[in-house]
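Notes to accompany the following structure.
The values are calculated or read from the model by the stated rules, or taken from the named source; none is laboratory data. All of these numbers come straight from a predicted model, not from anything done at the bench. Using ideal geometry, Cβ is built from the backbone for each residue, glycine included, and neighbour counts are taken over all protein chains shown. Surface areas here come from the heavy atoms of the whole protein model, side chains and all, with no ligands, DNA or RNA. Shrake-Rupley method; radii C 1.70, N 1.55, O 1.52, S 1.80 Å.
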Amino acid sequence: MSQFFDNVKTDHSSAQSGLTYPSQSSATVKHIARVALCSLIISTLLVFCIEWLARGSFSQTVAFFTNWQQPSWTTVFLLAFTITAGDALLGRTFFSAVFIGIAGLISGAVAYQKSLYLGDPLYPSDFLYARQIVDLLPLLVRDRPLSALLIAACIVVLAIAFIMAVFYGRTKFKALNINARIWRLIIALPALCWFGYISDFATYSWSRDKLKIAPMMWDQTANYQHNGFAIAFILNIPMAKVFAPESYSAGAINNIEVNRISGAALNNRQQPDIIVVMSESFWDPTRLPGVNFNTDPIPTVRKFQSGHVFSPEFGGMTANVEFEALTGFSKAFLPTGSIPYQQYIRGPVPSLASFFKEQGYATRAVHPFRAFFWNRGNVYQHLGFDAFMSEETMPELEKSGTLASDDAMVSQMIEEAENIEQPFFFFAVSLQGHGPYAASRYPDSKLEVTGHAPEHAREAIKAFAQGASEADASLLRLMKWAKSRERETILVFFGDHLPPLGPAYVDTGFMTARVASRTAPAADMAREHETPLVLWSSKSGIQRETGTISPAFLPLHILNMAGVSHPFYTDFLGALHDQYAVIDNHVLFATDGATQENWQREAEWPKLVRDYQLIQYDQMFGQDYAGERFFRKAVPQS
C-alpha cells in the first residue's frame, strides 16, 4: 500500500509540474485511476471497520457486504465522494480520510455501546447531550474502575493515533494545486447533493430504491441493520424537525369533538398539596424469575400499589418519561430517538406546573443533580416551575452508595414544603437508583439474593434492590409526614423505566437480550416496560385498579384525585383514556385489553389518537389554535 501511495504521489507530481511529455495524457489517466481506486479501497476498509464496530459482529458485517439487497457498496461510494470533497477542502490527497475515519470509528464504537446498554442505535440527536455523558464518567470511575481505565486507555491510544496520522498525512500526502481541488469539488459535490436530496425519507425516490436504501423510521433497529450505520445515521438527521400532520389547521382543531368537555374549573374543597416523585430506575426486582430475597425489597409500594406506568423508555432517557408525565403529551408523536427537553422545548409549553401555578400554587422541580442535565434548568422554566431545587441550589446531600440518597432528597422536600404557606406542586426526580450497579455499591446491605443466576448477576441485582428498598423507605417516610398534616397531600410515586441490569436479565431468563425491544409483541412490551405506580391521598387513601397506563395519563389521574376539571387534562385525556390505556409508538393498548401493533404504519389512525397528535403539535410547534379552548385558565366552580 505504501508503494501504491508513492506511485500516486509520483504521477500526481508529474501531472502538476506543467512539463509536457508524450505520455502525459496516459499518465494523467493512470493517475486518476489510481486515486479513484485508492479512494475506494480506503472507503471499503473504513465502512467495513465502522460497521464491524457498530454491529459488534464480524459475521453480520460480512453478510452486510455480501447481500446485494443492502446498500453496503452505496455507502462505500458515498464515503469515497465525501473523502474526495474533504481532500479538496483540506488541500491534500486522502488527508480527509484521517479525520473522517477516526470520527467514524469512534462513532461506530459508541453506537455499539449504546445499543448494548440502552437498546437503541446512535442518533444524530445524541450528540446534543455529549456533555452529560462526560458528566457521568465520575460515576463510572467509582463503580467500574476497570472499564473506566479501559476507556481512558482507548482515548490515549486514539489521540496518539490521530496525531501520528495527521503527521503522516502532512508529510506523505502531497498538496493539491487549485485545479486539482476544483476538479474534486466538481466531481464530489453534485454526487453528495444528490444523495442528500434522495435521503428525504418522507418522499418516494426511485433512485433510492435502486440503491437498496430502505428507510425504516418506524423500527430503528431494523433501519440500522438493513441500511448500515452511516446511511441510517444520515436518514435520521431530518428527524430533528417535526413536520405538521397533514390535517393540521385551525379548522381541524375546532372540529375536535370531546363529549365530556366541561370547561376548566376547580372544586370548592381545600386545594390539596401535590407531590410527584419519579424514582430513578425504580422497579420490582421480584419479577426476575428464579430470584429470591430474604425480605421484600419494596414492601411499601407493594402495599399501596395502584397499578403500573408503561414507560416509553428502557434503561435510560429519563427526560422523555418526565416529558409525558408533566405535559400529558406523548413521545409516540415525536421522532424515534428524539429528546423533547433537548430539541423542542424552547418556549412555554402547557404542563401541570403551569396549570397549578395559575391556580396560585407554589411550583417546585426537585432533582439532586446538575441543572444543565437534560437541559432541565431551561425546560422547567418553560413548563412553569417557580424554582428548580438542583445540586447547585441545595446543600450537599448525604449519599447512599455513590449518589445523593432518596432520603436526603425527601428531607429537602419536607423542609421546603414546611416553609410554604400556599398549596404547592412538587415534581421530584430522584438520583440514587441510577446505574451501574456494582457489587461494592452498598457494603452494609442486609439483603440476600439467592437463585440460579450466576454470582455476578446476583450481585448486580442485590445492589439494585438495595437502592429500590431505600427508595421504598423514602416513600413511606413521605406518607407518614403527609398523614401528620392538616391539608390533604396527594402523593404520586412511579419508576421512570426498568433498570439497566444488562446481563442479569438474560442470566435470570427475564429477557432473551440485555435490553428490551421497541417492537416486541404487546405482551413482551408490557412486561419489559412496566414500572410500579402509587396514587395515594393522605385523606382518601389509595387509588386502586388503575391498571397499566402511559405516563401521559398521569395528569388526568392527578387532577381527578384533586377534584379538578380541565378541558385537556381531564376532559380530552379522560375521553382518550376511556378508549386507550397506553399509547406507545409501536403498540396501542385499549382499555378493553385489545392491542394494535405497528399502528403508526396504518393509513388511518383512530380519530381520538389523531386529534391527540393535532393538539400536541399545535401546542409544541404550531399556531396555538387549541390554546383558548383546551388550556384556558381554570376558575372556581360556583
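Some values worked out for this structure:
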| read-out | value |
| --- | --- |
| Mean shadow area of the range 345-472 over all directions, Cα convex hull, nm² | 9.5 nm² |
| Built amide H within the under 5 Å cut-off of Val366, gap 5+ | Met389, Phe427, Ala428, Val429 |
| Subset of Lys114/Lys210; Lys331/Lys607; Lys446/Lys480; Lys114/Lys241 violating a 20 Å alpha-carbon distance limit | Lys114/Lys210; Lys446/Lys480; Lys114/Lys241 |
| Stretchable slack from Thr171 to Gln579, in nm (0.36 nm times residue separation minus alpha-carbon distance) | 140.0 nm |
| Expected-Rg normalisation [2.2 N^0.38 Å, Cα atoms] applied to the range 378-431 | 1.20 |
| Residue list for the range 288-307, given a label point 7 angstrom along the Cα-to-Cβ vector of Lys446 and an amide N cut-off under 17 Å | 293-300 |
| Accessible-area composition of the range 317-434, carbon plus sulfur, in percent [1.4 Å probe] | 44 percent |
| Cα-based convex hull volume of the range 26-239 per residue, rounded to whole Å³ | 142 Å³ |
| Rounded accessible area of Phe631 (nearest 10 Å², 1.4 Å probe) | 30 Å² |
| Accessible area (Å², per residue) of the range 26-239, counting only protein heavy atoms and a probe of 1.4 Å | 52 Å² |
| Residue-span extension gain [Glu545 to Glu415] - 0.36 nm each, minus C-alpha spacing | 43.5 nm |
| Virtual spin-label span in nm between Leu149 and Lys607, 7 Å along Cα→Cβ | 6.6 nm |
| Overall Cα dimensions of the range 159-257, principal axis frame, Å, largest first | 71, 33, 29 |
| Part-to-part distance (alpha-carbon centres) for the range 427-490 and the range 285-318, which is given in Å | 10 Å |
| The range 57-74 - phi-based ³J(HN,Hα) in whole Hz, Karplus 6.51/-1.76/1.60, Gly and Pro as x | 8, 5, 5, 5, 5, 4, 4, 4, 7, 9, 9, 6, 8, 10, x, 5, 6, 4 |
| For the range 356-386 and the range 324-352, distance of Cα centres in Å | 14 Å |
| Three semi-axes of the equivalent ellipsoid, the range 546-599, Cα gyration tensor, whole Å, largest first | 22, 10, 9 |
| Surface per residue (accessible, 1.4 Å probe) for the range 268-627, Å² | 34 Å² |
| Sites Asp209 and Ile160, calculated FRET efficiency, Cβ-Cβ separation with R0 30 Å, nearest 0.05 | 0.10 |
| Kirkwood-based shape ratio for the range 508-638, expressed as Rg/Rh from alpha carbons | 1.01 |
| Compactness of the range 482-566 as Cα Rg over 2.2 N^0.38 Å, two decimals | 1.41 |
| Coil-residue chymotrypsin sites (Phe, Trp or Tyr not before Pro) of the range 48-118, DSSP, other Cβ within 10 Å capped at 11 | Trp68 |
| Contour minus Cα-Cα distance for Glu257 and Trp73 (0.36 nm per residue) | 61.1 nm |
| Radius, Kirkwood style, for the range 265-327 when every pair of distinct Cα atoms is counted (Å) | 15.0 Å |
| Cα shape, the range 268-627, gyration tensor, a/c 1.5 rule | oblate |
